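Below is one structure; the comments refer to it alone.
Quick note: the coordinates plus some simple rules give every number you see, no bench work behind them. For clarity, every value in this text was computed on a predicted model and none was experimentally measured. Note: ideal-geometry Cβ built from the backbone for every residue, glycine included; neighbour counts use all protein chains shown.
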Amino acid sequence: MAKLTVEIVTPEKRILSVQADEAIVPGGEGLFGVRPGHTPFLSLVEPGTLTLIEAGRQDRYFVAGGFVEVSNDKVLVLADAAEHVTGIDVAGARRRMDEAQARLKDLNTADARYALEQAAVRREAARIRASETR
Amino acid sequence: MASLRDIRKRIRSVKNTRQITKAMKMVSAAKLRKAQDAILAARPYAQTLEQIISELAVRSADQELAHPLLATRPIRRVELLLLTSDRGLAGGFNSNVIRRANRYLYENSNLQVRVSTVGRKGNDFFRNRGHSIRKDFAGLYATLNYRSAANVAEELAAAFLNDEVDAVYVVYNEFVSAITQNVVVSQLLPLQPATAKAAATPTPETVAAAPALVDFKYEPSRQAVLDRLVPQAVNIKLYRALLESVASEQGARMSAMENATNNATDMISSYTLLYNRTRQAVITKELMEIVSGAEALK
């Protein structure tokens, strides 16, 4: 049976390059699954958990937003940051989320930094959720 | 003629200097390896991003590749970003960048050029000559990662989008090899994807491939994806320029220190020769004095 090639790359390094039967990606409009033979697809990636299914076994990665390109049974994830769920520093994520939330309180919603901090809160929250799936 | 003691002192001091330059060379070699690894690590992301933009352009060649950061306008105001190092003793590394920037300023005196710097050396040079610096991105090297580079790129992009400047150029040392660096002036904004050109002038391969390619399905939409892709491409471009500059700096320092070490070795051997000659001359002189003294007593 045809397999998917899944790659996750971040600006600082290539995280992963493996074969899998199915990939479930947190897309711009919700989770979507990819199996071999998927139509060419280009989507935004939201902070969340990416699941790989290979021979019935699941493997999960946290991705911090970016893009995904699906073409010719190849899933290319370009993430701002990514890590295996077992590698997540939960305490650090919680601390960063709290700090971002504290800064949010002092900011006006019109402030340009508001959106940035809000994105940080969403990202860290997704990171913590991802860590809980391991 | 210098006394024996003077020469001995000189030899000792040159030996000390050689020790230092040798150590600096080794440190640079280690840092160079790390910097090269960082360049290699950044490559897959940059290439994949480039590839996605190119595929997007090819697959939907009927639609325009439109984004504010791709927009070219008549160039009247330019921002020039210099990537220099914080430290010296790196051969021509910094002076080459500065010389190139000065040439640019001279050749484009009809434009309004504002200068920004990364690295203390470039900043010092322009400040000491009373040239105004719009912004010095100080301390970037201490925490150089994708995020910190992206912050700089985003600030430059904001100036471009606010119509403060019509183009942004980066002057930096392109890393060719450990001993070769190449100063380039590269256009950061408006972004010129190699791919936009490829799409505009289809090559035989893209034409042959085109009928087979169906356009992507986009989520949420083609424009939304493009809106994120393009700024990302700008960020990664600057990030790579910074990484190359760091690697070039270490390469330049390594060869400068290598030369300095060799020069010190040459100096030591010529001083040692002089020292031995002088010593011989002193002995001869003393002998002659003794012999002629004895001769006079007869």
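Evaluating 6.51 cos²θ - 1.76 cosθ + 1.60 at θ = phi - 60° for every residue in region B:24-34, the Karplus couplings come out as 5, 5, 5, 4, 4, 4, 5, 5, 4, 4, 4 Hz, glycine and proline recorded as x. Cross-link partners of residue B:15 among lysines, defined as those whose alpha carbon lies under 30 angstrom from its own and excluding same-chain residues fewer than eight positions apart: B:25, B:31, B:34, B:121, B:285.
Secondary-structure-derived ellipticity at 222 nm for chain B, considering helices only, amounts to -22000 deg cm²/dmol, per-run term -39500 (n - 2.57) for DSSP H runs with n ≥ 4.
If you take all other residues with their beta carbon under 12 Å from the beta carbon of residue B:215, and give Lys and Arg +1 and Asp and Glu -1, the sum is +1. For chain B, DSSP calls about 35 percent of its internal beta bridges antiparallel.
What the phi angles of region B:68-83 give under the Karplus curve with 6.51, -1.76 and 1.60, with θ = phi - 60°, is a coupling list of x, 6, 9, 6, 9, 10, x, 8, 10, 10, 10, 10, 10, 9, 9, 9 Hz, glycine and proline written as x.
Shielding by partners for peptide B:215-223, expressed as the average number of C-beta atoms from other protein chains within 10 Å of each residue's C-beta, is 5.
Remark on residue A:22: its backbone amide H falls under 5 Å from those of A:53, a criterion applied only to residues 5 or more positions apart or on other chains, H modelled at 1.01 Å from N. Of the residues B:98, B:39, B:75, the one that moves most in a GNM of chain B with alpha-carbon contacts below 10 Å is B:75. Once backbone amide H atoms are built at 1.01 Å from N, residue B:144 has no partners under 5 Å, excluding neighbours fewer than 5 places away on the same chain. Here the Gaussian network model covers chain B, with springs between Cα atoms less than 10 Å apart; of B:108, B:182, B:96, B:108 fluctuates the most. Remark: region A:52-57, residue by residue, has Karplus-estimated 3J(HN,Hα) of 10, 10, 9, 6, x, 9 Hz, where x stands for each Gly or Pro and the curve is 6.51 cos²θ - 1.76 cosθ + 1.60 at θ = phi - 60°.
For residue A:74, the lysines whose Cα falls under 16 Å of its own Cα, not counting residues fewer than eight places away in the same chain, are A:3, B:217. Close amide H partners of residue B:183, meaning residues 5 or more places away or on another chain with modelled amide H under 5 Å apart, are B:174.
Peptide packing for A:36-42, B:168-174 was compared via the average number of neighbouring C-beta atoms within 10 Å per residue; ordered from the highest value, the list is B:168-174, A:36-42. Taking other C-beta atoms within 10 Å as the exposure proxy, A:8, B:283, B:7 rank B:283, B:7, A:8 from fewest upward. Taking Cα atoms only, the orientation of helix A:112-131 departs from the longest principal axis of chain A by about 50 degrees. Looking at the protein assembly as shown, the DSSP beta bridges with both ends there are about 65 percent antiparallel. Averaged over the residues of peptide A:118-124, the number of Cβ atoms from other protein chains lying within 10 Å of each residue's Cβ is 0. Per residue of B:39-52, other chain Cβ atoms within 10 Å of the residue Cβ number 5 on average.
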